[in-house]
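The values are calculated or read from the model by the stated rules, or taken from the named source; none is laboratory data. Everything numeric here is computed off the predicted structure, so don't read it as measured data. Cβ coordinates were reconstructed from backbone atoms using ideal geometry, including for glycine residues, and neighbour counts include every protein chain displayed.
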Amino acid sequence: MSFMELNNRIEKPSRHSSAKYCNRSVIASLVIRPFEPGDHAQVVALWSDVFPDDPPWNEPASMIRRKLTVQPQLFLVARLNGQVVGTVMAGFDGVRGWIHHLAVHGSYRRQGIASSLMRAAEKGLEAVGCPKINLQVRATNSAVIAFYQSLGYELEDRASLGKRLGAA
């Protein structure tokens, strides 16, 4: 099944949705699709705005370049009226799926775009055989933790460790 077929099967929030925030007219006009080269400048601008404190190794152009070499179909953009208003990067390593850089432009938050992007990422990961998704959120970011919990994600008692490698 192609990504576009999967995208068409993504459940749009209903009027009975448990989503606290959903602008039905925005969601009806929203197009979620894999990243295309013409999106580059808008994605860089979005990430620079949404993630101003990202470390140097998360420099947007470098992240985009690296993601396009691995499962590029799981690098999704949300477009509204010809503009990139959101992104999410997903990946599957054969054991777990991961979510990275879920971002929505500040003017379009709390309208259901992040939830729609997450549903699209989940469908894409499920299509490649992913049994479980992990993601990391700063422990102090209670609003984002609550958002993911509203989508069914659970806090897990884990320590997150990392190590920078030379080839970034």
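Matching residues to (1) touching a residue at least 24 places away in the same chain (Cβ under 8 Å); (2) among the basic types (Lys, Arg); (3) surrounded by 10 or more Cβ atoms within 10 Å (Cβ to Cβ); (4) out of contact with any Leu (no Cβ under 9 Å at 6 or more places or on another chain):
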position: ARG65; (1), (2), (3), (4): no, yes, yes, yes
position: VAL85; (1), (2), (3), (4): yes, no, yes, no
position: TYR108; (1), (2), (3), (4): yes, no, yes, no
position: MET118; (1), (2), (3), (4): yes, no, yes, no
position: VAL137; (1), (2), (3), (4): no, no, yes, yes
position: ARG164; (1), (2), (3), (4): yes, yes, no, yes
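Taking the conditions (1) under 25 Å from GLU59 (Cα atoms); (2) modelled with pLDDT under 95 in turn, GLY112 satisfies each one other than (1). PRO131 meets the conditions (1) farther than 17 Å from LEU76 by Cα; (2) modelled with pLDDT of 95 or more; (3) under 16 Å from the mean Cα position of the chain (by Cα) in every case but one. The failed one is (3).
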